[in-house]
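Below you'll find the structure, written out as structure tokens, and then a few comments.
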Amino acid sequence: MSFSLPELPYSHDALAPYMSRETLEYHHDKHHLAYVNNGNNLLKGSGLEGKSLEEIVKGSFGKNAGLFNNAGQHYNHLHFWSWMKPNGGGTKLPGRLEKKINEDLGGFEKFKTDFIAAGVGQFGSGWCWLSVKGGKLEISKTPNGESPLVHGGATPILGCDVWEHSYYIDYRNRRPDYLKAFVENLVNWDYVDQLFSKA
Ligand code: FE2
């Protein structure tokens, strides 16, 4: 396969004021595009051509850092655009997912606190995650382009990008405010539930 930049599933203005047009123009149109272009160049001759994106991410981790960084970020960002929607967030979750968050993570409010803390606590660039591992939900954080996919075979169902390119235009250094806005106003819980159902 080769990588290609997906269209945003909404207009560049649609997530304002929580994420601005300018942020999406840089983040999607320039940063994600660079991962796609660099990933395609590094895929050539890697021995992983013809594999799925998930296989390329797993197959390059720890072996081909250049390809992993770009393919990993392509995977993360593909989902990231769909993990948000206009008028997202809120506290009304699909029933089965809400029940699982109550069982495994101590309820929605505790999930929210712990997910934000994971993002705030990631030193430098990276991501915070909600994933399914061994049939249980867990919250984690990873550096750079890593994800739960390369940590013990977990399946990410929600992730928030905490690279500065994701929030600096709108929030400057206030990463906690960005994470709070992401959870309260942007998360597309229907997409999270779709991934949860398949995990
Ligand atoms: Fe990003």
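A compact table of results
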quantity	calculated
Calculated [θ] (222 nm, deg cm²/dmol) that DSSP helices of n ≥ 4 give over the chain, each run adding -39,500 (n - 2.57)	-14000 deg cm²/dmol
Computed E for Asn87/Ala117 - FRET, C-beta separation, R0 22 angstrom, nearest 0.05	0.30
Solvent-accessible area, 1.4 Å probe, carbon plus sulfur percent, for the stretch 95-198	49 percent
Percent RCO, i.e. relative contact order, over the chain, from Cα pairs under 8 Å lying at least 6 residues apart	25 percent
Dipole magnitude of the stretch 1-156, debye to nearest 20 (Cβ charges: Lys/Arg +1, Asp/Glu -1, about Cα centre)	320 debye
The chain: C-alpha gyration tensor shape, a/c 1.5 cut-off, then a/b vs b/c	oblate
Solvent accessible area, Å² - His74, 1.4 Å probe, full protein context	10 Å²
Candidates Leu137, Leu48, Leu149: whichever shows maximal mean-square fluctuation once the chain is modelled as a Gaussian network with Cα springs under 10 Å	Leu48
Glu109 paired with Lys63, simple spin-label distance in nm, labels 7 Å along Cα-to-beta-carbon	4.8 nm
Theoretical FRET efficiency, 1/(1+(r/R0)^6), r = Cβ-Cβ of His165 and Arg96, R0 41 Å, to 0.05	0.75
For the stretch 95-198, convex hull of alpha carbons as volume per residue, Å³	93 Å³
Virtual spin-label span in nm between Glu25 and Asp177, 7 Å along Cα→Cβ	2.2 nm
Surface accessible to a 1.4 Å probe, per residue, for the residues of the stretch 106-172, Å²	39 Å²
Cα-based Rg of the stretch 50-150 normalised by 2.2 N^0.38 Å, two decimals	1.18
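The values are calculated or read from the model by the stated rules, or taken from the named source; none is laboratory data. The structure displayed is predicted, hence computed values, not measured ones. FYI the Cβ positions are ideal-geometry reconstructions off the backbone, even for glycines, and counts take in every protein chain you see. When the accessible area is computed, the model is the full protein with side chains, heavy atoms only, and any ligands, DNA or RNA have been set aside. Shrake-Rupley method; radii C 1.70, N 1.55, O 1.52, S 1.80 Å.
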